[in-house]
Amino acid sequence: MDLQLSVVKGAKVLMVGAGGIGCELLKTLALSGFQDIHIIDMDTIEVSNLNRQFLFRQSHVGQSKSKVARDAVLKFRPHVSIKSYHANVKDPEFNVEFFKQFNVVLNGLDNLDARRHVNRLCLAANVPLVESGTTGFLGQVTVHVKGRTECYECQPKPAPKTYPVCTITSTPSKFVHCIVWAKDLLFAKLFGDKNQENDLNIRSSDGASSSENVVDVFERREGEDIDDYGRRIFDHVFGYNIELALSNEETWKNRNKPKPIYSKDVLSDELAQQNGNVVQDSATDDGLSVSAMSSLGMKNPQDIWSLSENSRIFFESLRLFFMKRGKEIGNLSFDKDDQLAVEFVTAAANIRAASFGIPLHSLFEAKGIAGNIVHAVATTNAIIAGLIVIEAIKVLKNDIKSYRMTYCLEHPTRKMLLMPVEPFEPNESCYVCSETPLLLEINTHRSKLKDFVERIVKAKLGMNLPIIMQGSNLLFEAGDDLDEDMIANYEANLEKVLAELPSPVTSGTMLTVEDLLQEFTCNINIKHREEFDEEKEPDGMLLSGWTQPVSASEKEKEDKSINNGANSSDVTVEAVEDETGVVAVGVKKRRISETSEVAANAAADETNHKQYQVIDDEDDLVVLDGNSDAGNKRKRMQ
């Protein structure tokens, strides 16, 4: 006990994230005797945080989370040293030297990119990391110690669900397809960056036959009345574009044909004139509080609107964007906390769903789908925060044999709610902590360097300021300290296909990619490949090498044995995290110690048929379907 008190009082702790988990964690650290705590968080407090981030009050809305959390805890623990940073953990000031001053780092983050960044800094600084995540009643805490346990990236993260463009634009069959269309295509086209690529058809019926001087139908004409503009957009996307799709008869041989919907079909002349004038003065000028539902006197977000009501919401939300938030148009992106944006996307998705014979959904349901929301539970955050502190104390005492990865289950199984599992050894194939080369299959004659940078280096490898080299030849570098000639040279390289770079990248080439801030280097072997499956490989390239693939026959055999009720001594639970910091809980076969046998049984019962990606996004939690790699063998830490 004396040892525990001394290591706790003498520890210097870094917390990253002061949201749902962070508030509970800071309180628990202070009450557990920790004397020197540093907190980094770039967010400000929102109204939606107040139902569970208990250190914050209404008067704090708009203020820094880290600063307010610090001030709140100092009121009941004034002797504790707490330093707050209202900043992004990826800022250059938080480098390896900064991390080296701490005895342990505790993560309560909300996205995969930041988690990977912190993982790499902890590895470079040789500082232990305790990771965490929650979603609803589910949660987890994992321990990562360099050379002793898996690092955060030792297991591949399930990719977020993506949908082929052709399905979204032409043949939707699920409501989520309509949401993606309304959010990522229509909303982005009307209110977002006009220069961004968009797969919506911009040709009107007037200009469909002309290939020259194509006028974008989504552009509002000079002096055009907003209601006329709204009806023109409505008729184009829900009427003309559907008729255009129907003209390809081959597409609909084995599918139900959609029905074109025009504004005159869903709004009577009286409603068309009234729309936008019903209680229109009730809409305030306070950006995010503007609401089409309020303007039209519609109150219940759980009601499923009729086609006519959805159409009225569509027109009214469009009108309000232009009349009340005109200055934002051209720079908007969808935000689940933006009421007007949610109303527009819900209405547009429902109208498209009606056209394709897909059941309509309420605004409440549509918001959940568009924002990937599973509502947070404060109790889960409190449990997870307590577990983080328990593991942090073990790390500070260097009590390696007692380290545990602990999972919080939704339903107690055999009287167990918390399931501890011994950590695993580092993955020898991990490209981060074991520096194993990766393999990239790519069409080197079609793919440009910028495709490689955006889709692989940044999106897959999580590098923020990459340097890309072939041997001693520098192909690309990102940073603020580059001169104009270098920037121009690198920008020119980005537009070239790989095989036509000054140092050509072809099959057999090895590229070295480095991030100086993370002190992380990765080698990638290039393999040329001509064709890719658009549905299964939408990026047009395939990165592999961080885990050994499992054969189809092995996976089928393994899944069958698990689903039929595997022997309890052969089952363990794996949790990996995804794009937004999430946990994917799944069942794997392997021998574990008797002390974990009961926990494994609980896990098998809890997660036999379902896998989750869980994320604490500080407002609500994301749950996405994911697939863990059932064939990857992992050794328990000795």
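The values are calculated or read from the model by the stated rules, or taken from the named source; none is laboratory data. Remember, it's a predicted structure, so these values are computed and weren't measured experimentally. Neighbour counts are summed over all protein chains in view; Cβ atoms, including those assigned to glycine, are modelled from backbone coordinates with ideal geometry. Just the protein is used for accessible areas: all its heavy atoms, side chains included, with ligands, DNA and RNA removed. Shrake-Rupley method; radii C 1.70, N 1.55, O 1.52, S 1.80 Å.
Worth pointing out:
- Residue-level check: of (1) modelled with pLDDT of 90 or more; (2) not assigned by TED's automatic domain parsing to the domain that holds GLU495, PRO412 misses just (1).
- Any chance SER306 is outside the structural domain of LEU267 (by TED's automatic domain parsing) and surrounded by fewer than 20 Cβ atoms within 10 Å (Cβ to Cβ): no
- Among (1) within 12 Å of GLN140 (Cα to Cα); (2) aliphatic (A, V, I, L, M); (3) surrounded by 20 or more Cβ atoms within 10 Å (Cβ to Cβ) - the single one LEU396 does not satisfy: (1)
- Region 236-267 - residue that is free of Cβ contacts under 8 Å to residues at least 60 places away in the same chain, within 35 Å of the chain's Cα centre (by Cα) and in a loop (DSSP other than H, G, I, E, B) and, of those, surrounded by the fewest Cβ atoms within 10 Å (Cβ to Cβ): ASN254
- Residue in region 77-94 that is closer than 19 Å to ASN427 by Cβ and polar (S, T, N, Q) present: no
- Among residues of region 368-391 being assigned to a helix (DSSP H, G or I) and of a type in the set (Gly, Ala, Ser), the one that is farthest from GLU343 (Cα to Cα) is GLY386.
- Of the residues in region 521-542, at least one is open to solvent by less than 50 Å² (accessible area, probe 1.4 Å), of a type in the set (A, V, I, L, M, F, W, C) and within 25 Å of VAL118 (Cβ to Cβ).
- Extreme residue, nearest to ASN198 (Cα to Cα), among residues of region 217-233 that are among the hydrophobic types (A, V, I, L, M, F, W, C) and at pLDDT 90 or above: ILE233
- 3 or more residues free of Cβ contacts under 8 Å to residues at least 40 places away in the same chain: qualifying strands (runs of 3 or more DSSP E) within region 392-493: 473-477
- Members of region 73-100 that are open to solvent by 50 Å² or more (accessible area, probe 1.4 Å) and touching a strand residue (DSSP E or B) at 6+ places or on another chain (Cβ under 6 Å): SER81, LYS83, HIS86
- In this structure, PHE344 does not satisfy being aromatic (Phe, Trp, Tyr), farther than 25 Å from GLY62 by Cα and at pLDDT below 95.
- Assessment of region 300-314 against the conditions (under 17 Å from ARG231 (Cα atoms) and aliphatic (A, V, I, L, M)) yields at least one matching residue.
- Residues satisfying the stated conditions in region 104-115, i.e. out of contact with any Ser or Thr (no Cβ under 7 Å at 6 or more places or on another chain), open to solvent by 10 Å² or more (accessible area, probe 1.4 Å) and among the charged types (D, E, K, R): ASP113
- Residue in region 485-498 that is at pLDDT 90 or above, among the hydroxyl-bearing types (Ser, Thr, Tyr) and over 24 Å from the mean Cα position of the chain (by Cα) present: yes
- Scanning region 17-74 for residues that are among the hydroxyl-bearing types (Ser, Thr, Tyr) and under 22 Å from ASN111 (Cβ atoms) yields a total of 4.
- Extreme residue, nearest to the chain's Cα centre (by Cα), among residues of region 29-68 that are of a type in the set (A, V, I, L, M), within 21 Å of PHE102 (Cβ to Cβ) and open to solvent by 10 Å² or more (accessible area, probe 1.4 Å): MET42
- Test: residue in region 340-363 that is in a helix (DSSP H, G or I) and open to solvent by 40 Å² or more (accessible area, probe 1.4 Å): no
- Within region 116-158, the only residue that satisfies the criterion of being aliphatic (A, V, I, L, M), free of Cβ contacts under 8 Å to residues at least 40 places away in the same chain and crowded, with 24+ Cβ neighbours inside 10 Å is LEU129.
- The number of residues in region 418-464 being surrounded by fewer than 21 Cβ atoms within 10 Å (Cβ to Cβ) and of a type in the set (Phe, Trp, Tyr) comes to 1.
- When restricted to residues that are open to solvent by 10 Å² or more (accessible area, probe 1.4 Å) and among the hydrophobic types (A, V, I, L, M, F, W, C), region 371-393 contains 10.
- For region 1-23, the set of residues classified as open to solvent by 10 Å² or more (accessible area, probe 1.4 Å) and either within 22 Å of MET42 (Cβ to Cβ) or of a type in the set (Gly, Ala, Ser) (or both) consists of SER6, GLY10, LYS12, listed by residue number.
- Residue in region 188-201 that is open to solvent by 40 Å² or more (accessible area, probe 1.4 Å) and at pLDDT 90 or above present: no
- The number of residues in region 315-339 that are within 27 Å of the chain's Cα centre (by Cα) and either outside any loop (DSSP other than H, G, I, E, B) or crowded, with 24+ Cβ neighbours inside 10 Å (or both) comes to 4.
- Scope region 23-71; condition in contact with a Phe, Trp or Tyr (Cβ under 8 Å, 6 or more places away or on another chain), closer than 27 Å to GLU391 by Cβ and part of a loop (DSSP other than H, G, I, E, B); matching residues: ASP41
- Residues of region 501-518 that are within 17 Å of LYS460 (Cα to Cα) and assigned to a loop (DSSP other than H, G, I, E, B): GLN518 alone.
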